[in-house]
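K.L.:
The structure's right below; bear with me while I get my questions together.
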Amino acid sequence: MNHVLELDSIRLSFNNKVILSDIFMKCETGKITGLLGKNGQVKTCLLNIVYGELPTEERSIRFDNTSVVHAYKRPDLIRYLPQFNFFPTFLTLEKVFDDFYLEFSTFEKRFPEFASRHRSQLKTLSGGQLRFVQTYIIVKAKTQFSLLDEPFTHLMPLQIEKMLELISEEKKNKGFLITDHLYRHIVDISDHLYLLSDGKTHVVKDLTDIEHLGYARL
């Protein structure tokens, strides 16, 4: 069964200045939806609104036409990868995988550089390794939708390649909403693209739209 996540009528302001308005996005299971935008375009704020952690004056977040205000309370519906490290680093890899009902053996078989590290604490990992583990878990977690905010941060090119492959495979099981400053990866992997500019979302129907909207030259 396909599922749909829709957001619209979102309005956010700080100090009487409107930051977000005229927002519409639609994400579907089986699809990767990319969100582009320059630094300062509050893409992270928008993801936090979808996740239900950032209150707004107005919002409509719907899962299969049912409004959900605090989506973070429904891991069956949505999981979120923030930009920062969000796992306590004293936990072991084995514990984190168990908490998300994932098999570490499957992970280490695919990524042998982590072989036999199931009892290692997260704090023993490099920054890139930790980011890779966190991203893998949110990508593979059992949920309808995964939000990925800067998933390629701190990753080496080979790690990015592996993660892109994993996300492409996993979309058969869920929907993805992804943003990253490495926009070419987002362009390449996405089935649908939106561009956030001046607090509004624009549908990218053709790659030339990215240039016309002043985001980047391709």
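K.L.:
If you check TYR101 against the conditions, is it of a type in the set (Ser, Thr, Tyr), over 25 Å from THR33 (Cα atoms) and out of contact with any strand residue (DSSP E or B) (no Cβ under 8 Å at 6 or more places or on another chain)?
P.N.:
yes
K.L.:
Return the pair list, or none, for Cβ contacts closer than 9 Å from residues in the range 187-210 that are on the phi > 0 side of the Ramachandran plot to residues that are crowded, with 19+ Cβ neighbours inside 10 Å and not in a strand (DSSP E or B), at least 6 apart or on different chains.
P.N.:
ASP198/GLN41; GLY199/ILE23; GLY199/GLN41
K.L.:
When the range 78-129 is examined, which residues are found to be touching a Lys or Arg at 6+ places or on another chain (Cβ under 7 Å) and either of a type outside the set (A, V, I, L, M, F, W, C) or loosely packed, with under 14 Cβ neighbours inside 10 Å (or both)?
P.N.:
THR89, PHE90, THR92, GLU94, TYR101
K.L.:
Follow-up question, since we're still on this one. Restricting the search to the range 1-50, which residues are in contact with a Pro (Cβ under 9 Å, 6 or more places away or on another chain) and not hydrophobic (A, V, I, L, M, F, W, C)?
P.N.:
Matches in the range 1-50: THR44, ASN48.
K.L.:
Related question: In the range 194-218, which residue that is out of contact with any His (no Cβ under 9 Å at 6 or more places or on another chain) and closer than 24 Å to HIS154 by Cβ is surrounded by the most Cβ atoms within 10 Å (Cβ to Cβ)?
P.N.:
Among residues in the range 194-218 that are out of contact with any His (no Cβ under 9 Å at 6 or more places or on another chain) and closer than 24 Å to HIS154 by Cβ, the one surrounded by the most Cβ atoms within 10 Å (Cβ to Cβ) is TYR215.
K.L.:
Mind listing whichever residues of the range 150-184 are over 13 Å from the mean Cα position of the chain (by Cα) and basic (Lys, Arg)?
P.N.:
Those that are over 13 Å from the mean Cα position of the chain (by Cα) and basic (Lys, Arg): LYS162, LYS172, ARG184.
K.L.:
Take ILE19 and tell me if it is under 28 Å from GLU211 (Cβ atoms) and either of a type in the set (Phe, Trp, Tyr) or modelled with pLDDT of 90 or more (or both).
P.N.:
Considered against the rule, which asks whether it is under 28 Å from GLU211 (Cβ atoms) and either of a type in the set (Phe, Trp, Tyr) or modelled with pLDDT of 90 or more (or both), ILE19 comes out as no.
The values are calculated or read from the model by the stated rules, or taken from the named source; none is laboratory data. All values derive from a computational prediction rather than experimental measurement. Don't worry about glycine lacking a Cβ; one is built from the backbone with ideal geometry, like all the others, and counts go over all protein chains shown.
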